[in-house]
Amino acid sequence: MQPGPATPFVYKPPPTPSLNNIKRTSVLVYAWGRGDMGQLGISSDTFISVPTKVEQLQGKDIVHVASSAFNSIFLTDDGEVYTCGSNDSGQLGVKLIHQLKEDAPTARDDNHAAMSDAELKTSSWGFTSVPVRVMALDLYKIQHASSGQTHMLVVTEQGQLASWGASEFGQLGQGGEGLSHHQPRILKTCNNIHSSKGPQAGDHVRYIRSSSGACHNAVLDSYGHLHTFGQGTFGALGQGDEDNRDTPCLVKQLWPVGITMVTCGENHTCALSLDGRVFTWGRGKYGQLGHGDFGSRSCPELVKALLGSSIIQIACGGDHTLAVSNEGVLYSWGRGTWGQCGNGTLDNTCRPGRVQGLIDYRVLQASAGLRHSLVLTSTNDVYSFGDGEQGQLGTTTRGGGSTTAAAGGVVSCQSTPAKVLGLPTLPILFIVAGGDHSLVVLGEPAPGQRIPIGPESARIHGRGVVPVQPLPSGLIELCAACASSVGATESTSSATASAVSSTNTMPPAGLPGLVSCIEDLFSSPGYLSSGFALPEAQNPPASAAAAAPISGGATPSSSVAAGAGFAAARSLAAASGTASNILSSSATVVGHGTAAEFSSLMSITHNIDTQAVQSVYQAILKVYQTEVVSALGSSCLRLLQGIEQHLKWSALRAAEGNTAMSMTAQLEWLLPLLLILFLNPLNGEHLPVGTSLMTHLVDVYLTLPSRAQQLLALWLSRLPIEQFGGRVVRPLQRYLSGLASQGFTSRRGKIMRGVQILDYLFDANHYLGSPIPLSEFHNRTISETANLKDEYLMFAELKNSSRSNYAVGAGMEAPTCLCQVPFLLTPEAKSRILQGEATVQKHHVMQNSAMAALMQGLHPAAIGSVAFLDIHVRRSHILQDSLQQIVSRPQDLKKPLRVTFISNGVPEEGLDEGGVSREFFQLLVAEIFRPDYGMFIYNEETRTFWFNAASLESTVEFQLVGIVMGLAIYNGIILDVHFPLVVYKKLLGQHPTLADLAEAQPSLAKGLQQLLDFEGDVENTFCRTFDVEYEYYGVMKKQDLLPGGSNIPVTALNRQEYVKLYTEWQLTSSIEKQFNAFAHGFHLVCGGLALSLFRYDELELLVCGLPHLDFHELEKNAKYEGYTRDSPTVNFFWQAVHSMTMEQKRKLLAFTTGCDRAPVGGLGQLTLIVQRGGPDTDRLPTSHTCFNTLLLPEYSSKEKLNERLALAIENAQGFGLR
């Protein structure tokens, strides 16, 4: 039965342990101000104007205090909860037991034994002035608490929320409105902690902080995400509307930020990010939001005026707001009716301003009440300002008197800071401003003990009134401590405990504490990016606020991006005039990954300490514990899933017209975060989580605009080589290989998405001069499992359609076949494509020739002869015969080649199945490159041949050389040709540079480089002009590099142009006639699409083969006919091979295959067949070079085999020996 309104009642708390049994600590609590509802914890009918000790808390180790208009809540180090004040809605957390008449005897228990009858009795409104323990929470250790107007909220050590009191607006978060709860209840949405479902509203999180306004709450989880519930009037919940919420709902707009502190005013909310930025929303009538106007906001908005101030603490009063910087500067704004902003006026202010009255003091903490403010300085003094009608300023002494006194000796209002008088000279731990009252917690040091002044994150006392510090700085020490203790004991060393406590989220110690820290850090986008930001990135300068908008219509004041990307975004804007010009998904991309595009992005930095990132990852792995690695993997996976969800939500908001939620605006926090996630050592590992991580990482990357993808690829490629190669490229390659091994066709979609990223990385790596070898981008598994024929046909179809050009990125056409990204294919795979193209072309030409012959009425027996490129050459006139038969038949060059040697007018024996053609090419090339022939000049320094600009030979001969090279490639034959790489580069249409000249003619390039590097008087020292002098058959000639070049001196100002023109003349202009003929002949044969897949160095490999010979690889793949691998003769043979000199090995290779070089891919790509050539005999071994077959008799001894084999390979020239 509920008591009537006029019936007095007394609260009788349940039994609690006697104070005598509780270990006393050295913490004292003092209170003053309004106390008529018991909110001071001191028996008072009206108010107390001087600080007074709260005797009932003597001996209790108070670590946290929260207050509202008529209530206070106290937490002890043991996790106990004490409340006092009004209980008209059950907000004390205890249920009324019985009523007493005024003269009724009072039942006492141990906890209230010392209370007088007057103290035990309560007014008819229901309150207690004595702090009482909330026994319903005894099963939990409470780590944080907040008090609203008629409700209370606590956070347990396990991360759960409990609430009680009034619920007319859903402020208890229990689901439903209207009913009050006198006993604490755990919120049902707090059951599943650290799940991987992403940022769901109020679910699957571990809460660590709470703050309560009049009827709304904001709670912070361990990932730095903010959740709100309760009354939504004025937009106080930050949900984009004014609706009430009866369960915790994620403030999605702040999801990427990384919130470390939140505080609620009566109807507005303020949040602080890890990088020191302040966001406000809710009621703005009095300017309490600080946005330069008096309007309300229903979504979080950055307080632009505080950018660069490095805010480290915030406080919300009823309608005003305070902020403290890391330099101890106090800022205030909002309602000033009672002087609560401390700025010397009673006016409302809508922009943060420095409190001038404290300019000579370093502020350690600020706290805001309903209409007054408290400030703690480094001098161990408390200052107050604002409404003092209830004595809450504490600026009077016990003897009365005040500088500005009202009736009763109290200050009615104080617009400038005044010192609180009457506090004991003890270190102040922290301060709390309630509704119209104030509390201070002091430390009483033991003899010789020094207690620091003010709240600190590393100290439990007052930890709840400063921001959490989830930085990774203590994570490495924690990993090391856990690693050293694993296997020995589960107890936590002092180092471990210190590292855990430094995170300020108070996870359990030891290995579980490490797991918790990892989950909190790597599940949070804001903590992760800001935690690893370089110092200058965490505190962007105030001038950055004036930079260009991050996206169209989104000004910095509305941005909620993480601070690590803040400087990057500003640099973006500065580099382009407007960031949208660079990052907009609708921007035109010319080609893709061009040098000009990367050059425009080079000035944009990410400001992430990648070395620290790498160190933390390594420290985590060194713990060598499955649960630790699992925590890292699941946390990063959770984060990536959360990013995907947030981007989808942001896209919907952007579509509704909220430009602050556009993709361009999200890049500020997203790009630095992806940089960190790409360095995760678990990416692409052969673990379920490794594949999932890379899949989601690829998906997120591909949601970026194309220019942002380029920027991120550039950031990654500029990492140290071991990070870029080992942490980015190789994991992505492992991921792609794993997919391909499951079946390329079935996994094609995922593979091609990953290839898009590799494409950008390849281009960025190439732009930076290939810090990691280009071979790192080959993927052998894909090259071996993909259907290269289908890939080529798709490529050919694309080239013949309007889709021949592509650019990767959002809104751009992605590559659809592997031939569009040839860097991915191994040289062997490209060679197979080229040979496949040649086979198709040969078949096509043969069919057309046969059809033409039939149409001309030729006899069927003659049709076969017209289907081949038949060449009959004399060994003694091989160059002339070849020139006559090849150059004159360009229409037949793509027919299958068939060579016949003529000796003494008679065709030599032997059917050309490839071996004869190989010998033909060897002999022809040797003849062409004879020094006395004069077509090419041999360079002793580089051991390569270069075109003779003074050659008297006609261009037809040079055309023949090009045709010969093309025919060799077309027919799969390796040539002994020694050109510098620049020749192949020019064949592919690329322009040579000074670096190419250095490779072709080192001495000349060295002189030009010295000219460029010279720091003195260039003109008078080098005495050069813009011309070049060269020898032409013993006569020196000059050629101007510019019109009138012989009269233009080379100076320091024009030497760059001189070197460029000289290089161009030497490598291009001087041999233009010869090279053009050579290139024309080459492209007559190799003009197909497949050639475009090769880089110039791969083209050389295709022509010349590999100079390195690994005969162990040849032995591995060898096959035997008539022998087995264990046959004595076979063992003798391989022993002989491995004992040969390299020159002998080359001759053996030429003897058995027709070429002394390895094909593309090495000798492992060859299959040598060792066939039994009969019983023991004196005959020499023979070979069929067409089929790579060695006919080896079964010699009786190892010595005989060595002698016969050596003689055979020394006399192998001429097909007659085969």
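Here the Karplus relation 6.51 cos²θ - 1.76 cosθ + 1.60, evaluated at θ = phi - 60°, turns the backbone of region 1096-1105 into coupling constants of 4, 6, 6, 5, 4, 4, 5, 7, 9, x Hz, with x for every Gly and Pro. With both labels modelled 7 Å from their Cα along Cα-to-Cβ, the Met1142 to Asp78 distance reads 8.2 nm.
In region 994-1067, Cα pairs under 8 Å separated by at least six residues give a relative contact order of 31 percent.
Taking all Cα pairs closer than 8 Å and separated by 6 or more residues, the relative contact order of region 195-332 comes to 19 percent. Taking the Cα centre of region 994-1067 as reference, the dipole from Cβ charges on Lys and Arg (+1) and Asp and Glu (-1) amounts to some 120 debye. A simple spin-label model places the labels of His843 and Gln885 2.7 nm from each other, with each point 7 Å out along Cα-to-Cβ.
Extension gain, Asp360-Thr955: 0.36 nm per intervening residue step, less the Cα-Cα distance, totals 205.3 nm. Summarising the label geometry, the points placed 7 Å from Cα in the beta-carbon direction at Leu534 and Asp1110 lie 4.1 nm from one another.
By how many nm would the segment from Asn380 to Leu1042 grow when fully extended, if each residue of separation counts as 0.36 nm and the alpha-carbon distance is taken off?
Numbers: separation 662, 0.36 × 662 = 238.32 nm, distance 7.96 nm.
Extra length available between Asn380 and Leu1042 comes to 230.4 nm.
Glu1072 sits among other residues whose Cβ lies under 13 Å from its own Cβ, and their net charge, with Lys and Arg +1 and Asp and Glu -1, is +1.
Length gained on full extension, Phe1187 to Glu327, computed as 0.36 nm times the residue gap minus the Cα-Cα distance: 301.4 nm.
As a calculated quantity, the FRET efficiency between Ala446 and Leu179 at R0 = 51 Å, using C-beta atoms, amounts to about 0.60. Using 1/(1 + (r/R0)^6) with R0 = 45 angstrom and r between the beta carbons of Leu687 and Lys1119, what's the FRET efficiency to the nearest 0.05? Plugging the Cβ-Cβ distance into 1/(1 + (r/R0)^6) gives 0.70.
In this structure, Leu652 and Trp1134 have a Cβ-Cβ separation that, at R0 = 56 Å, corresponds to a calculated FRET efficiency of about 0.20.
Note that region 1026-1041 has calculated 3J(HN,Hα) couplings of 7, 8, 9, 10, 9, 9, 10, 6, x, 10, 7, 10, 10, 9, 6, 7 Hz, one per residue in order, obtained from phi through the Karplus relation 6.51 cos²θ - 1.76 cosθ + 1.60 (θ = phi - 60°); glycine and proline are x. Neighbour counts of C-beta atoms inside 10 Å place Ser801, Ser746, Ser49, Ser26 in the sequence Ser801, Ser746, Ser26, Ser49, starting with the fewest.
Every read-out reported here was derived from the displayed coordinates using simple, explicitly stated rules and does not represent laboratory data. Note that this is a predicted model, so its numbers are computed, not measured. Glycine gets a Cβ as well: all are built from the backbone with ideal geometry, and neighbour counts include every protein chain shown.
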